[in-house]
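Scroll down for the structure; my scribbles are underneath it.
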Amino acid sequence: MMGTTIKPDFEYHRLRGDIAIGTFSSWNVFTELAHFVTLRGKPIPDDPFSSLNLGRHSGEDLTKVLANRTALCQALGLSPEALIQPRQVHGQEVLPLSKDFFSWEETRQTAYLSAADGLVTDLPHICVAVSTADCVPLLFYDPHHRVVGASHAGWRGTVKHITAHTVAVMQERYDSRPEEIYAAIGPSIGEAAFEVGDEVVEAFTEAYPTHTGTIITPRRGERQRHHVNLWEANSIDLLSAGVRPEHIALAGICTYSHNDLFFSSRRVGGKLFGRFLSGVFLRL
């Protein structure tokens, strides 16, 4: 039961420009690597996007979102053009980024990213990132082959095993060995807050037939609904893919419960809301 054996591993930092991020302390030993999970910034009354919304498709004026992303890149020492994110369609597609990608026209780049929920690359100074607001952001690093990855796992992506699929793409494309890969499970909605309907329970039962007892809770509460543990499900997929348990980092922070720090779709009832970014890149 991974949820009970992986201890939370997360710490906060403040960058220039008053941008706050979180990092996984166990990853800070990799001096050649930079990674981050952005916080939402200072809350502004009656503004659902306050104040560091980084979601391109969130509904906020794109000019402001792009300005926020530029400010983040400046604080990280990155070129804004080096921050690459998949479209995120709640699937399992994970794509590699090669040098050729950056010579393509913008329309071809957009088309390439349009069906993906994860990206992997071995290019230095190229940040792969995903935006979330309750879904699970996942970061990957193979220090031996110097490969990084970022994937987005909502409940649909989780039952499609995008976590294990990311590891498989790293193996196939870059010869990564699962036992050498490090993975981090970022802030997302926790089991206590993730109340689900029967169709979601059915999907997880089919996807994890031998682990339903640790992923799906018995019915409880006034509405007698099940709850699902996304952290547990993605941990199980990492282990099944061959990642060592000591190489799995967990933020252990519920976005619904800590909506003052992170955006949460469910907390605001599916109305307008911002997104935070989780990303990783090689400094050298």
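The values are calculated or read from the model by the stated rules, or taken from the named source; none is laboratory data. The model shown is predicted, which means the values in this text are computed figures rather than measured ones. Please note: Cβ atoms are built from the backbone with ideal geometry, for glycine as well, and neighbour counts cover all protein chains shown. We work out accessible area using only protein heavy atoms, side chains counted, and drop any ligands, DNA or RNA first. Shrake-Rupley method; radii C 1.70, N 1.55, O 1.52, S 1.80 Å.
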Exercise for the section: Please work out if residue 31 is hydroxyl-bearing (Ser, Thr, Tyr), open to solvent by 60 Å² or more (accessible area, probe 1.4 Å), farther than 23 Å from residue 273 by Cα and assigned to a loop (DSSP other than H, G, I, E, B). Expected result: yes
Exercise for the section: Go through (1) farther than 20 Å from residue 138 by Cβ; (2) touching a Ser or Thr at 6+ places or on another chain (Cβ under 7 Å) and name the single condition residue 37 misses. Expected result: (1)
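The rows are residues; the columns are (1) acidic (Asp, Glu); (2) in contact with a strand residue (DSSP E or B) (Cβ under 9 Å, 6 or more places away or on another chain); (3) without any contact (Cβ under 8 Å) to a residue 60 or more places away in the chain; (4) on the phi > 0 side of the Ramachandran plot.
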position	(1), (2), (3), (4)
15	no, yes, no, no
28	no, yes, yes, no
46	yes, no, yes, yes
51	no, no, yes, no
59	no, no, no, yes
62	no, no, yes, no
73	no, yes, yes, no
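One line per residue, one yes/no per condition, for (1) surrounded by fewer than 22 Cβ atoms within 10 Å (Cβ to Cβ); (2) under 22 Å from residue 279 (Cα atoms):
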{"site": "143", "(1), (2)": "yes, yes"}
{"site": "156", "(1), (2)": "yes, yes"}
{"site": "162", "(1), (2)": "no, yes"}
{"site": "168", "(1), (2)": "yes, yes"}
{"site": "178", "(1), (2)": "yes, yes"}
{"site": "199", "(1), (2)": "yes, no"}
{"site": "209", "(1), (2)": "yes, no"}
{"site": "212", "(1), (2)": "yes, no"}
{"site": "215", "(1), (2)": "no, no"}
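Mind checking which residues of region 131-149 are under 20 Å from residue 244 (Cβ atoms) and not aromatic (Phe, Trp, Tyr)?
Once the filter is applied, which keeps residues that are under 20 Å from residue 244 (Cβ atoms) and not aromatic (Phe, Trp, Tyr), region 131-149 yields 136, 138, 139, 142, 143, 144, 145, 146, 147, 148, 149.
Could you tell me how many of the residues in region 258-279 are hydrophobic (A, V, I, L, M, F, W, C) and assigned to a strand (DSSP E or B)? Walk me through how you get there before you give the answer.
First, pick out the residues of region 258-279 that are hydrophobic (A, V, I, L, M, F, W, C): 261-263, 268, 272-273, 276-277.
Then drop every residue that is not assigned to a strand (DSSP E or B), which leaves 276-277.
So the count comes out to 2.
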Completion exercise
Quick count over region 169-198, residues being within 17 Å of residue 237 (Cβ to Cβ), without any contact (Cβ under 8 Å) to a residue 60 or more places away in the chain and among the aliphatic types (A, V, I, L, M), is 1
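Could you tell me whether region 37-54 includes any residue that is closer than 22 Å to residue 124 by Cβ, within 20 Å of the chain's Cα centre (by Cα) and not β-branched (Val, Ile, Thr)?
Just the residues of region 37-54 that are closer than 22 Å to residue 124 by Cβ, to begin with: 37-38.
So of that shortlist, the ones also within 20 Å of the chain's Cα centre (by Cα) come out as 37-38.
Of the ones still in play, those that are also not β-branched (Val, Ile, Thr) are none.
No, the conditions are met nowhere in region 37-54.
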Practice task
Tell me, please, whether a residue that is at pLDDT below 95 and aliphatic (A, V, I, L, M) can be found in region 61-82.
Solution key: no
Exercise for the section: Kindly indicate whether residue 134 is of a type in the set (D, E, K, R), surrounded by 21 or more Cβ atoms within 10 Å (Cβ to Cβ) and within 19 Å of the chain's Cα centre (by Cα). Expected result: yes
Fill in the blank from the handout: Going through region 199-257 in order, the residues found to be in a loop (DSSP other than H, G, I, E, B) and free of Cβ contacts under 8 Å to residues at least 12 places away in the same chain are 209, 210, 218, 219, 222, 224
Exercise for the section: Please give the number of the condition residue 111 fails out of (1) more than 21 Å from residue 278 (Cβ to Cβ); (2) open to solvent by 30 Å² or more (accessible area, probe 1.4 Å); (3) touching a residue at least 24 places away in the same chain (Cβ under 8 Å). Expected result: (3)
